[in-house]
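Just below is one structure, and these are the notes that go with it.
The values are calculated or read from the model by the stated rules, or taken from the named source; none is laboratory data. Nothing here was measured: the structure is a model prediction, and the numbers come from that model. For neighbour counting, all protein chains shown are included, and Cβ atoms are generated from backbone atoms with ideal geometry for every residue, glycine included.
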């Protein structure tokens, strides 16, 4: 960089490497928060991104200049139809890692779920007794959930299966909770409340193969540069003749698994009882007919993208209180 008159920061974040395409649109959660609650519950829900709206709320952040004043917020609507608890699993530590010790499945499974996976529901009482006997050695209890895109008015018929850890004060209460909800449905209002903070996990919008200027944000060269303007100035020395992984290069942009932290829940409702969509429905999505959750800010991915909503793993110190909504703007974007 001897030709530079001024120093400059390197271009292209190395926070996410490699920047490859996600293997699945159903992201697997490996990290879970620890909640201190007497009432056990599953720690994440799921839904389908519908669109964005604008919400006027009263700023309830104390010691801020706008405290008590109307605030204009961008919000995202995620349609979250009820999920079905197909079964639950018990994990034990083996050779330093968690492995499934035993699992229980309901005899009544949703329609079309057999096309995705076949569950063995024989001798479920025997498996429940086995887990109860080894409950002291169980490290984690997780619920096997499935959500049907058909309930969200989407074309896909086969339900989506995912796993959710159960949080609570003790393993005994978690085990009793799983027994009570086995073979039943859970609504999003049973897990989250307005004012809570959540994390969203999903796959971002894909942009295909892009060059280093768009993908990594490098500066274009002078217009009289040799051969090209939108290429890297140098990819490395002659000797040793090697290209470092830190050199900004062209490749896949978007369609990555990403996590958005601390999204505040503004409201929870039902599309039939409390319509939220603009006239004619959301663009590229349609009408919201089942339960929905409104999160403050933007959420990764395009419309109809499968999104997982988790209890905040980096919770804010703000006091949890229901946001005061003044107005919801549902004018359809052109």
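Structure notes:
- Condition met for residue 12 (assigned by TED's automatic domain parsing to the domain that holds residue 305 and either part of a loop (DSSP other than H, G, I, E, B) or on the phi > 0 side of the Ramachandran plot (or both)): no
- Residues of segment 81-88 include none that is under 30 Å from residue 275 (Cβ atoms) and in a helix (DSSP H, G or I).
- Failed item, numbered, when residue 121 is tested on (1) assigned to a strand (DSSP E or B); (2) over 26 Å from residue 267 (Cβ atoms); (3) in contact with a strand residue (DSSP E or B) (Cβ under 6 Å, 6 or more places away or on another chain): (1)
- Looking only at segment 56-97, and only at residues there that are surrounded by fewer than 16 Cβ atoms within 10 Å (Cβ to Cβ) and in contact with a helix residue (DSSP H, G or I) (Cβ under 9 Å, 6 or more places away or on another chain), the one that is nearest to residue 138 (Cα to Cα): 92
- Residue ID - farthest from the chain's Cα centre (by Cα), chosen from residues in segment 29-55 that are crowded, with 21+ Cβ neighbours inside 10 Å and not in a strand (DSSP E or B): 40
- Yes/no for residue 319 being surrounded by fewer than 18 Cβ atoms within 10 Å (Cβ to Cβ), part of a loop (DSSP other than H, G, I, E, B) and free of Cβ contacts under 8 Å to residues at least 12 places away in the same chain: yes
- Whichever residue in segment 98-126 is closer than 21 Å to residue 139 by Cα and in contact (Cβ under 8 Å) with a residue 12 or more places away in the chain and, among such residues, is surrounded by the most Cβ atoms within 10 Å (Cβ to Cβ): 104
- Residue check, residue 288 under 22 Å from residue 162 (Cα atoms) and not in a strand (DSSP E or B): no
- Filtering segment 169-202 to residues that are in a helix (DSSP H, G or I), under 20 Å from the mean Cα position of the chain (by Cα) and crowded, with 20+ Cβ neighbours inside 10 Å leaves only 188.
- Checking 213, 166 one by one, the residue that is out of contact with any strand residue (DSSP E or B) (no Cβ under 8 Å at 6 or more places or on another chain), surrounded by 14 or more Cβ atoms within 10 Å (Cβ to Cβ) and either free of Cβ contacts under 8 Å to residues at least 12 places away in the same chain or outside any loop (DSSP other than H, G, I, E, B) (or both) is 213 and no other.
- Test for residue 115: is it assigned by TED's automatic domain parsing to the domain that holds residue 150 and modelled with pLDDT under 90: yes
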